[in-house]
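Read the structure below first, then the notes.
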Amino acid sequence: MDKTNSFFNECYVMSQSDIELFADTLADGFSQYKLFKHICNDQYNHDKMKLFWAVSIALSKDNAICIADCKDANSVLIYIRPDYKEPGPWDYLRAGGLKMLLKLGLRMTFRLLKFDADAKKFAAKYQTANDGYLMAFATRLDKQGKHYGKPLIQALFRDLDTLGEGCYLETLKPENVGLYQHFGFDLKEQADLEYGNLQLFAMHRKANSMTENA
């Protein structure tokens, strides 16, 4: 990410040394989600999910916007640019994929892979070549409801509108749908997943231009 981008002047831009901190915030912020409790066999494990997020960030950081509200990372946003290339086996190993597999075990890893495969089916229906992907946006539990994340998402969409870049995401919490609709997303599909008593909401925000927003 270009740290000189003026839209992100009020955000804290992640460096290599911040990956663990960002991962810790995501593991805390998503701890109440049914998906991650399902992945952890209904007993949420913060350390294992922190490792999952650390590997995910390490894999995507070279072609992603990784920002927080401040150096303490009370709220974190990870956005993947449209030209992101799927990592290969060596990339996974370098990012800590083997360590993650050994710590999570086959059952948890399979559940993660199952959800990833299902999510990609929805993305294939609604995400175009000009759309990025909002991979993660979460705030620590004790900071939620205090608007720590609002400046992050506002800065992101100012950047995307300038570039004429669309955005795709899926969320698993019904209460998040209205939040994203407020920022210009359309709900494309609501689906019941066949495991974990989960609902997936596929949402898309069209590519805008500064002229359209004037």
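Only the coordinates and a few stated rules stand behind these numbers; no lab work does. For clarity, every value in this text was computed on a predicted model and none was experimentally measured. Backbone-built Cβ (ideal geometry, glycine too); neighbour counts: all protein chains shown.
Working note: 222 nm ellipticity from helices only, DSSP H runs with n ≥ 4, each -39,500 (n - 2.57), summed and divided by the residues of the chain, gives -14000 deg cm²/dmol to the nearest 500. At Tyr195 and Thr128, where each label point lies 7 Å from the Cα along Cα→Cβ, what is the point-to-point distance in nanometres? It is 3.3 nm. One decimal place: the segment Asp116-Ser6 gains 36.3 nm when fully extended, by the rule 0.36 nm per residue minus the C-alpha distance. What is the diffusion coefficient of segment 13-213 in µm²/s, taking the Kirkwood radius over Cα pairs and the Stokes-Einstein relation at 4 °C with a viscosity of 1.567 mPa s? Answer, rounded: 75 µm²/s.
For the chain, the longest principal axis of the Cα atoms and the long axis of helix 19-29 meet at an angle of about 80 degrees. So, R0 is 22 Å and r is the distance between the beta-carbons of Leu141 and Ser17; what FRET efficiency does that work out to, to 0.05? E between Leu141 and Ser17, to the nearest 0.05, is 0.35. Between the Cα long axis of helix 46-60 and the first principal axis of the chain there is an angle of about 50°, rounded to the nearest 10.
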